[in-house]
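Chemist: I'd like to ask some things about the structure below.
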Amino acid sequence: MSRPPAKVGDPVSAVDTPALIVDLAAMERNMEKMASFAKRANVRMRPHAKTHKCAMVARRQLALGAVGVCCQKVSEAEAMVEAGVTDVLVSNEIVGEIKVARLAALAKQATISVLADHPDMVAAYSAATQRFGSKLSVLVELHSGGIRAGVHSAEAALDLARLIDKAPGLRFGGLQAYRGHAQHIRPFDERRQAAEDWCARVAEARDLLEKNGLPCESVTGAGTGTCEFEAVSGVYNEIQVGSYAFMDVEYGLNRDAGDDLVSDFENSLFIVTTVMSSNVPEFAVVDAGIKAANLDKEMPRVWKRPGLTFVGAADEHGAIEISPEAGPVMLGERLWLVPGHVDPTIGLYDWMVGFRDGVVETVWSVSARGALA
Ligand SMILES: *Cc1c(COP(=O)(O)O)cnc(C)c1O
């Protein structure tokens, strides 16, 4: 693990770069806003820990009433349980003997749920729980389109739920229904329509299960982009929002009901960088490239420095285009970047530095970093 880029009490201006810095006040406002929204909508909060991979952030979400967290990987779940999280939904299908064994072993230490979309998974989960003397709650995932797993019909969900219900060591936990590709539909009405169409399909599956004696304890899903629709749909009783705590460029491009850029949640996480080369008026280089900023969707945005645009990156270099109104960019100047896509960007770092009023208050280990298995 790398050396921490700062210590408590340092000014933010002394954090070594590139580093992730978190505006704690903004993050707390985001968390409180989402927690009170969930409370008003009467749905449980189970934030997705894949966003932050950080037990200390998870603890704050739990302190605000979250019932547990989601993880995407068994190793991520192990890191959360090790840090004291007692209820984890692995919102993914787990395939492979080693992983399934670790999952079943983890279920001896905490309440663990997992997804299935095939009878073979049910058999493997059941066998592993019997080997370890543990219990797993298993939810059926509904395929929502996009690059996602899941069963493709309500009837298939029913068949699988019946198997889970009968399998030793397993409990049927309900439906997983996260529609990832709807999160970033920009126009508000189209995003709402996509969420509402999806809710109708989820309701159909839920009702079919219920009619057949398999009521869903959880109907869970929803991300930052669509939770306002799922939470009030009457279909979901749990939301799995992740990005809301930090936000990113990608989410910032969504439109609200008035067709303005969304503003419910604030940017609270930044990549702080240093200008490492500036020899011509129109171009400079910062010390954050592809290994410090994920570029799969949007480029990072330069924060509060009008006229500067992050236009491209090499492994360890980030290119900044300078328009005349920006004024000179000085060697050694520090630029803050809003990450293009927050989850994979955090996954690049060992540490997140939390600050308040310009002073470092905390340095968090990204405890589930590298937890890809
Ligand atoms: C990423 C993810 C989320 C969180 O979504 P955001 O859009 O980041 O709020 C929730 N559920 C699942 C299954 C996910 O993969």
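The values are calculated or read from the model by the stated rules, or taken from the named source; none is laboratory data. If you're wondering where the values come from, they're calculated on a predicted model, not measured in any experiment. Ideal geometry is used to build each Cβ from the backbone, glycine not excepted, and the neighbour counts take in all protein chains shown.
Chemist: So which residues in region 151-199 are part of a helix (DSSP H, G or I), among the aromatic types (Phe, Trp, Tyr) and closer than 16 Å to TYR236 by Cα?
Modeler: Filtering region 151-199 down to residues part of a helix (DSSP H, G or I) leaves 154-166, 180-182, 188-199.
Within this subset, residues satisfying the condition of being among the aromatic types (Phe, Trp, Tyr) are 188, 198.
Once the filter is applied, which keeps residues that are part of a helix (DSSP H, G or I), among the aromatic types (Phe, Trp, Tyr) and closer than 16 Å to TYR236 by Cα, region 151-199 yields only TRP198.
Chemist: Quick check: is even one residue across region 203-211 closer than 13 Å to SER144 by Cβ and either surrounded by 16 or more Cβ atoms within 10 Å (Cβ to Cβ) or touching a residue at least 12 places away in the same chain (Cβ under 8 Å) (or both)? Walk me through it before giving the result.
Modeler: Within region 203-211, the first condition is being closer than 13 Å to SER144 by Cβ, and the residues that meet it are 205.
Next, only the ones that are either surrounded by 16 or more Cβ atoms within 10 Å (Cβ to Cβ) or touching a residue at least 12 places away in the same chain (Cβ under 8 Å) (or both) stay: 205.
Yes, that holds for at least one residue.
Chemist: Out of the residues in region 229-282 that are acidic (Asp, Glu), within 13 Å of the ligand (Cβ to nearest atom) and outside any strand (DSSP E or B), state the one that is surrounded by the most Cβ atoms within 10 Å (Cβ to Cβ).
Modeler: At the first step, the residues of region 229-282 found to be acidic (Asp, Glu) are 230, 238, 248, 250, 256, 259-260, 264, 266, 282.
From what is left, the residues that are within 13 Å of the ligand (Cβ to nearest atom) are 230, 238, 248, 250, 264.
From what is left, the residues that are outside any strand (DSSP E or B) are 230, 248, 250, 264.
On the way: GLU230: 30, ASP248: 26, GLU250: 20, ASP264: 16.
Out of the qualifying residues, it is GLU230.
Chemist: When region 202-225 is examined, which residues are found to be part of a helix (DSSP H, G or I), away from the ligand (no atom under 16 Å from the Cβ) and touching a Leu at 6+ places or on another chain (Cβ under 7 Å)?
Modeler: First pass over region 202-225, keeping only residues part of a helix (DSSP H, G or I): 202-211.
Now narrow it down to the ones that are away from the ligand (no atom under 16 Å from the Cβ): 203-211.
Across region 202-225, the qualifying residues are ALA205, ARG206, LEU208, LEU209.
To keep it simple, each residue is scored yes or no on (1) touching a helix residue (DSSP H, G or I) at 6+ places or on another chain (Cβ under 7 Å); (2) among the small types (Gly, Ala, Ser).
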residue: PRO5; (1), (2): no, no
residue: VAL8; (1), (2): no, no
residue: ILE21; (1), (2): yes, no
residue: ALA26; (1), (2): no, yes
residue: ALA55; (1), (2): yes, yes
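Chemist: I would also like to ask the following. Considering only residues that are touching a residue at least 40 places away in the same chain (Cβ under 8 Å) and surrounded by 14 or more Cβ atoms within 10 Å (Cβ to Cβ), which ones fall in region 318-333?
Modeler: Answer for region 318-333, where residues must be touching a residue at least 40 places away in the same chain (Cβ under 8 Å) and surrounded by 14 or more Cβ atoms within 10 Å (Cβ to Cβ): GLY318, ILE320, ILE322, VAL329, GLU333.
Chemist: Identify, from the list GLY146, GLY225, the residue that is over 27 Å from ALA107 (Cβ atoms) and either at pLDDT below 95 or basic (Lys, Arg) (or both). Spell out the reasoning first.
Modeler: On the way: GLY225 fails: either at pLDDT below 95 or basic (Lys, Arg) (or both).
None of the other options fit; the residue is GLY146.
Chemist: Test ALA101 against the criterion of being more than 22 Å from SER218 (Cα to Cα) and surrounded by fewer than 21 Cβ atoms within 10 Å (Cβ to Cβ), and give yes or no. Reasoning before the result, please.
Modeler: Values: more than 22 Å from SER218 (Cα to Cα): yes; surrounded by fewer than 21 Cβ atoms within 10 Å (Cβ to Cβ): yes.
Spelling it out, ALA101 is indeed more than 22 Å from SER218 (Cα to Cα) and surrounded by fewer than 21 Cβ atoms within 10 Å (Cβ to Cβ).
Chemist: Then there is this: In region 360-370, which residue that is part of a loop (DSSP other than H, G, I, E, B) and hydrophobic (A, V, I, L, M, F, W, C) is surrounded by the most Cβ atoms within 10 Å (Cβ to Cβ)?
Modeler: Taking region 360-370 as the starting set, the residues that turn out to be part of a loop (DSSP other than H, G, I, E, B) are 366-370.
Right, trim to hydrophobic (A, V, I, L, M, F, W, C) and you get 366, 368.
On the way: VAL366: 23, ALA368: 27.
The residue in question is ALA368.
Chemist: Looking at ALA66, ALA19, can you tell me which residue is within 17 Å of the chain's Cα centre (by Cα) and over 21 Å from LYS135 (Cβ atoms)?
Modeler: Details: ALA19 fails: within 17 Å of the chain's Cα centre (by Cα).
Only one candidate passes the filter, namely ALA66.
Chemist: Output the residue which, of all residues in region 335-359 that are touching an Asp or Glu at 6+ places or on another chain (Cβ under 7 Å) and assigned to a loop (DSSP other than H, G, I, E, B), is surrounded by the most Cβ atoms within 10 Å (Cβ to Cβ). I'd like the intermediate steps shown before the answer.
Modeler: First, the residues of region 335-359 that are touching an Asp or Glu at 6+ places or on another chain (Cβ under 7 Å): 338-342, 344, 354-355.
Checking which are assigned to a loop (DSSP other than H, G, I, E, B) leaves us with 339-341.
Numbers: PRO339: 30, GLY340: 22, HIS341: 19.
Per the criteria, the residue is PRO339.
Chemist: In addition: I'm trying to understand the selection: among the residues of region 207-236, which are farther than 24 Å from LYS50 by Cα and touching a Gly at 6+ places or on another chain (Cβ under 8 Å)?
Modeler: Once the filter is applied, which keeps residues that are farther than 24 Å from LYS50 by Cα and touching a Gly at 6+ places or on another chain (Cβ under 8 Å), region 207-236 yields only CYS216.
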